[in-house]
Amino acid sequence: MTNAQAAEILGQIADLLDISGANSFRIRSYRQAAESLGSWAEELEEIYAAQGLQGLRDIPDIGKSLAEKLEELLTTGRISQHQEVLAQFPDGILQLLQVPGLGPRTVALIWSELEIGDIDELEEAAQRQELQELPGLGAKTEEKILASIARYRQGRQRALLGEILPLGEQLISYLRDHPRVIAAELAGSARRRRATVGDLDLLVTSEHPEEVCRDFAASGQLEEVTMAGDTKVSGLLAEGRSVDLRVVASESYGSALQYFTGSQAHSVALRTHGQKMGLTVNEYGVFEQHNDEAGQKVAGASEEGVYAAVGLEWIPPELREDRGEIEAAAHGNLPDLIELTDIRSDLHVHTTGSDGKCSVEQIAEACRQRGYSYIGITDHSPALRVAGGLTEEEIVAQIQEIARLNERYREEGIEFRILSGLEADILTKGRVDVPVKAFERLDFVLGALHQGFSSDADKMTQRIMQALESGRIDILGHPTGRLLLQREPYGIHLNEVIEAAGELNVAMEINANPHRLDLDDVHARFAQENGTLLSINTDAHEISHLDFMQYGVYTARRGWLEPQSVINTWPVGQVREWLTKRRA
């Protein structure tokens with residue numbers, strides 16, 4: 001039982017209690033406990049094994065009653081209260097809560113008034129325009145619910161890269177440990193690091209494919225096995241994601257890996273390129289072509305060999321989208337792609353000053369442990385009260401705290417610096433929410449929109465342009481406001497914004513949170529080609545979020561980014577110099 005699984009159960013109890021109209025204090029206690037567990041580093045099972053019930057009580061927001069429920073969960077695999085509240089509702093009630101924007105109160109209203117208990121019933125009622133008759137809803141809300149259901153169904157077909165990649169890596173790790181497996185690798189869109197992934201493709205080479213397939217099918221790695229053959233196994237994970245395992249001969253492993261990594265457009269372009277050289281390229285290898293028939297095999301064991309056989313450099317998987325990579329590889333012009341090891345800092349993190357879970361010192365130490373040489377603290381500005389936005393006095397106090405920590409680092413000879421930043425709201429008329437006195441003392445400002453998304457593209461673009469032209473923004477954070485599989489980007493003429501940012505020497509953020517990945521890869525590439533600087537940041541609210549950086553780097557690589565285009569690959573002195581010139 002992982003902390004995340006326990007947190008999910010407590011969160012479900014809170015939601016179900018909310019739907020049933022329980023006491024708000026009880027609901028809040030479960031929600032707070034779920035949040036604490038979700039961000040707690042030490043595993044519950046280890047705590048309980050070492051310290052028993054008292055160890056569970058030492059976790060923040062876990063009192064005696066909740067500790068006993070966690071003990072029940074750890075010893076029996078279930079919480080009786082969870083089962084009791086579940087029994088009060090139809091099986092689909094939790095599914096309703098997964099629809100974006102559909103909270104417990106709305107679900108409670110729909111359930112009590114119409115006894116709707118699953119997605120299909122909800123969609124049918126909305127299509128019959130029955131929801132708009134409920135108190136507090138109306139026609140516009142009904143339209144939004146229908147749109148949210150469509151996004152939910154899309155989300156069931158695809159998953160966030162940040163959710164599915166760890167599952168794929170876990171399966172590959174299992175396969176690599178198998179004594180009969182020579183090599184194993186993820187393929188498909190997961191290997192290309194697309195922001196969302198439909199299913200998982202696993203590729204293995206082995207001289208004993210039947211044994212590998214038999215053992216994988218029987219391993220329990222899959223929730224359900226739908227097909228088990230001598231060279232292929234298909235099935236489903238517990239989350240409902242499809243998995244395909246293919247086992248191929250060593251002499252075809254490279255060509256199969258290239259073929260199943262895709263994309264389809266890239267593979268077609270590669271085959272066409274090969275045909276011009278008199279070669280046939282397929283999943284089994286590269287073959288000489290004679291009179292429209294495949295002849296002698298010239299490559300196939302490795303991907304590098306496959307690409308070399310058709311006169312190309314090996315193309316990194318992230319670039320394989322038929323966006324000019326074939327031509328670049330043919331002329332030796334592939335980019336020197338950014339790597340995670342190039343990142344020296346994170347310039348968008350939150351602390352307990354606003355809505356983060358850690359102090360400035362805690363988040364700074366976590367960045368030091370990750371090998372960074374500096375960090376930028378960016379708690380929220382005064383206008384975003386819902387996220388605990390800092391007052392001018394609190395901003396100044398935090399700047400002073402950061403100065404003291406930096407002085408301590410200097411005295412101890414530690415080569416690490418903390419920059420004082422602020423995530424300033426871009427308000428409805430383009431005004432940047434940063435107090436004047438605080439602005440003069442801050443090292444940098446990251447501007448972002450958090451409200452007023454419903455304006456048309458012209459007005460939204462004008463609003464952002466005014467903020468950029470104010471000179472008060474150094475980095476434009478999560479520029480389109482999208483939440484993958486949940487919320488569409490707001491209307492904006494993004495290329496115009498990127499061009500303006502380049503002219504004004506403002507950096508565009510790639511927000512590395514797997515739910516955002518905003519900018520996307522296409523616009524990140526446009527920014528680099530335009531000469532606009534970029535910054536890859538995690539928007540971390542707790543220490544574990546710092547690990548999101550890898551997903552931002554994946555997006556940057558898909559956008560052909562090289563290290564010099566990303567400001568947080570620079571030394572801190574170069575960043576300070578850039579900020580000084582910007583302010584001037």
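Some points to look at:
- Cβ-Cβ FRET estimate between residue 470 and residue 428, R0 fixed at 22 Å, reported to 0.05: 0.95
- Excluding same-chain neighbours fewer than eight residues apart, the aspartates and glutamates reachable from residue 459 by a Cα-Cα span under 14 Å are 496.
- With the helix formula -39500 (n - 2.57) applied to DSSP H stretches of n ≥ 4, the chain reaches a computed 222 nm mean residue ellipticity of -14000 deg cm²/dmol.
- Spin-label proximity, residue 132 to region 139-182 - amide N less than 19 Å from point 7 Å beyond Cα toward beta carbon: 139-150
- Cα gyration tensor category, rounded, prolate or oblate, for region 160-248 with a/c compared to 1.5: prolate
- Cross-link reach list, lysines versus residue 437, counting only Cα pairs under 25 Å and skipping chain neighbours closer than eight places: 429, 581
- Each of 453, 416 was scored by other Cβ atoms within 10 Å of its Cβ. Listed from fewest to most, they are 453, 416.
- Over all directions, the projected convex hull of the C-alpha atoms in region 539-584 averages 4.2 nm² in area.
- FRET efficiency, residue 458 to residue 352 (Cβ-Cβ, R0 51 Å, nearest 0.05): 0.85
- Each residue of region 310-322 was assigned a 3J(HN,Hα) from its phi angle through the Karplus expression (A = 6.51, B = -1.76, C = 1.60, θ = phi - 60°), giving 9, x, 10, 5, 4, 9, x, x, 4, 8, 7, 10, 6 Hz with x at Gly and Pro.
- From the largest down, region 437-584 spans 39, 33, 32 angstrom on the principal axes of its Cα atoms.
- Spin-label pair residue 341-residue 414: with each label point 7 Å from Cα along the Cα-Cβ axis, the two points sit 2.5 nm from one another.
- Evaluated at q = 0.05 Å⁻¹, a Debye calculation over the C-alpha positions of the chain (equal weights, vacuum) places log10 I(q)/I(0) at -0.26.
- The separation of region 258-315 from region 16-41, counted between C-alpha centres, amounts to 56 Å.
- Contact order relative to length of the chain, as percent, for alpha carbon pairs under 8 angstrom and 6 or more apart: 9 percent
- Straight-distance candidates among the lysines for linking to residue 64, with alpha-carbon spacing under 26 Å and chain neighbours fewer than 8 residues away dropped: 357.
- Euclidean distance between Cα centres, region 491-550 to region 46-73, Å: 41 Å
- Separation of the residue 271 and residue 91 label points, Cα + 7 Å toward Cβ, nm: 4.2 nm
- Computed from the Cβ-Cβ distance with R0 of 35 Å, the FRET efficiency linking residue 314 to residue 362 stands at 0.25.
Taken together, the values in this text are just the output of simple stated rules run on the coordinates, not laboratory data. Bear in mind the structure is a predicted one, so any value in this text is a computation, not a measurement. Cβ atoms come from the backbone with ideal geometry, glycine included; neighbour counts cover every protein chain shown.
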